[in-house]
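Scroll down for the structure; my scribbles are underneath it.
The values are calculated or read from the model by the stated rules, or taken from the named source; none is laboratory data. Since this is a predicted model, take the numbers as computed values, not measurements. Using ideal geometry, Cβ is built from the backbone for each residue, glycine included, and neighbour counts are taken over all protein chains shown.
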Amino acid sequence: MMRVATGFVGLLVTRQLSLLFVKARRMYTKNMEAQDAARQLLQAWISRKWIQTKLEYPLVSNIEQVYAIHAAMTKSPLAQKLGGHAGYKQGGVGAVQGQECVYGVLFGRGILDEREWTGYTSISRSEFNLFGLEAEVGFLLGEDLPPRRRGYSEAEVFSAVSEIVLCIECTGTRHTLNGLTSLERLADCCCGAGVIMGPRFYPSHVAGDMGLEASQLDGLVARIFVSGQEKCSGATTGNPCGSPTASLAWCANHLNKRGLGLRSGQLVIAGAICKTSDFTDNEDIRVVFEGLGEARARIRA
């Protein structure tokens with residue numbers, strides 16, 4: 001009996017080890033696939049040799065692959081050539097069944113501060129393969145929001161914000177393809193490319209401190225003007241989760257569930273208030289945020 005029992009235990013141990021090996025191999029393969037996809041996208045961005053055939057483009061069939069590619073992009077040595085991982089963008093509302101929205105990653109080279117420019121901040125269409133402009137509210141983090149067991153409340157997340165920024169997101173791709181699925185498009189940084197940071201405001205963390213309150217961002221209306229002509233308008237009620245601060249909290253908590261966190265100094269843009277693709281080179285862009293101010297940009301070739 002003892003020999004039979006020992007043999008049975010040995011068989012169980014061998015089976016368990018075999019299952020662990022298969023699981024580890026699958027995880028390794030999954031990570032390698034994500035790293036390869038990240039390398040393809042980053043290299044296309046760095047070289048400006050955009051992916052032109054479907055055979056070159058990463059295969060993406062589920063949202064977990066999208067996030068695995070994003071994570072691999074932030075960890076890749078190539079990311080440093082784009083200024084390093086600098087934050088996140090919110091978007092993709094309704095793009096994936098069962099998902100409130102989707103976050104993408106931002107890199108430092110694409111984040112431009114209007115304080116460093118005289119007049120209109122200039123961004124190159126060809127450098128970022130731009131196709132669209134979006135009015136967005138951005139948040140600069142002044143404190144880390146590390147992963148933890150319980151999630152963060154909207155108030156806790158807002159308390160970590162050091163500055164609220166009126167932004168223009170300049171959307172772009174690392175490819176010239178048509179007919180990609182929603183998941184395939186989202187894997188490409190959720191079409192993130194450049195961000196123009198305009199006027200900044202200190203958030204209100206204590207009653208009477210004269211800072212901008214989170215509630216003042218609810219229902220905020222923005223309009224995009226191209227060479228003086230209004231192209232679109234919208235309100236922050238169209239942001240993921242219905243407001244900029246709720247969108248920011250979703251991002252923090254979604255990262256938290258994945259063992260990730262927001263870091264001090266990172267920028268999070270909360271989602272499109274309105275968007276347009278009706279612009280050409282050498283046009284002046286003004287994005288007016290009602291009651292707060294405007295961000296400005298000039299698109300060059």
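Pairing residues of the stretch 141-156 that are within 9 Å of ALA249 (Cβ to Cβ) and of a type in the set (S, T, N, Q) with residues that are in a helix (DSSP H, G or I) and modelled with pLDDT of 95 or more, at Cβ distances under 9 Å and at least 6 apart in sequence or on separate chains, gives SER153/ALA249. Among the residues of the stretch 58-115, those identified as assigned to a strand (DSSP E or B) and β-branched (Val, Ile, Thr) are VAL102, VAL105, ILE111.
Do we have any residue at all in the stretch 111-126 that's under 15 Å from the mean Cα position of the chain (by Cα) and touching a residue at least 40 places away in the same chain (Cβ under 8 Å)?
So in the stretch 111-126, the residues under 15 Å from the mean Cα position of the chain (by Cα) come out as 111.
Adding the requirement that they be touching a residue at least 40 places away in the same chain (Cβ under 8 Å) leaves 111.
Within the stretch 111-126 (the criterion being under 15 Å from the mean Cα position of the chain (by Cα) and touching a residue at least 40 places away in the same chain (Cβ under 8 Å)), the answer is yes, since at least one residue qualifies.
Of all residues in the stretch 213-222, those satisfying the criterion of being free of Cβ contacts under 8 Å to residues at least 60 places away in the same chain and not in a helix (DSSP H, G or I) are GLU213, ASP218, GLY219. Of all residues in the stretch 223-242, those that are closer than 11 Å to ALA272 by Cα have Cβ atoms under 7 Å from Cβ atoms of residues that are part of a helix (DSSP H, G or I), 6 or more apart or on another chain, in THR236/LEU217; THR236/PRO244; ASN239/SER247; PRO240/SER247; PRO240/TRP250. Pairs linking a residue in the stretch 32-60 that is within 17 Å of PRO77 (Cα to Cα) to a residue that is of a type in the set (Asp, Glu), with Cβ atoms under 9 Å and 6 or more positions apart or on different chains, are GLN40/GLU56; LEU41/ASP188; ALA44/GLU56. Is it true that ASN253 is without any contact (Cβ under 8 Å) to a residue 40 or more places away in the chain, surrounded by fewer than 21 Cβ atoms within 10 Å (Cβ to Cβ) and among the polar types (S, T, N, Q)? Spelling it out, it is not the case that ASN253 is without any contact (Cβ under 8 Å) to a residue 40 or more places away in the chain, surrounded by fewer than 21 Cβ atoms within 10 Å (Cβ to Cβ) and among the polar types (S, T, N, Q).
Inspect all residues belonging to the stretch 281-289 and state whether any of them is under 17 Å from ASP144 (Cα atoms), part of a strand (DSSP E or B) and modelled with pLDDT of 95 or more. No: zero hits. Looking only at the stretch 256-282, residues that are of a type in the set (Asp, Glu) and surrounded by 18 or more Cβ atoms within 10 Å (Cβ to Cβ) come to 0 in all. Scan the stretch 203-225 and tell me whether some residue there is surrounded by fewer than 24 Cβ atoms within 10 Å (Cβ to Cβ), under 23 Å from PHE128 (Cβ atoms), touching a strand residue (DSSP E or B) at 6+ places or on another chain (Cβ under 7 Å) and among the aromatic types (Phe, Trp, Tyr). Within the stretch 203-225, one or more residues are surrounded by fewer than 24 Cβ atoms within 10 Å (Cβ to Cβ), under 23 Å from PHE128 (Cβ atoms), touching a strand residue (DSSP E or B) at 6+ places or on another chain (Cβ under 7 Å) and among the aromatic types (Phe, Trp, Tyr).
Which residues, counting only those in the stretch 163-181, are assigned to a strand (DSSP E or B) and either more than 28 Å from GLU290 (Cβ to Cβ) or more than 19 Å from the chain's Cα centre (by Cα) (or both)?
Going through the stretch 163-181, the residues assigned to a strand (DSSP E or B) turn out to be 163-172, 175.
Correct list: HIS175 only.
Take the residues of the stretch 119-151 that are outside any loop (DSSP other than H, G, I, E, B) and among the charged types (D, E, K, R): which is surrounded by the most Cβ atoms within 10 Å (Cβ to Cβ)?
Pass one, the stretch 119-151, residues outside any loop (DSSP other than H, G, I, E, B): 121-128, 130-141, 145.
Then drop every residue that is not among the charged types (D, E, K, R), which leaves 125, 127, 134, 136.
Details: ARG125: 19, GLU127: 16, GLU134: 25, GLU136: 31.
Among those residues, the one meeting the criterion is GLU136.
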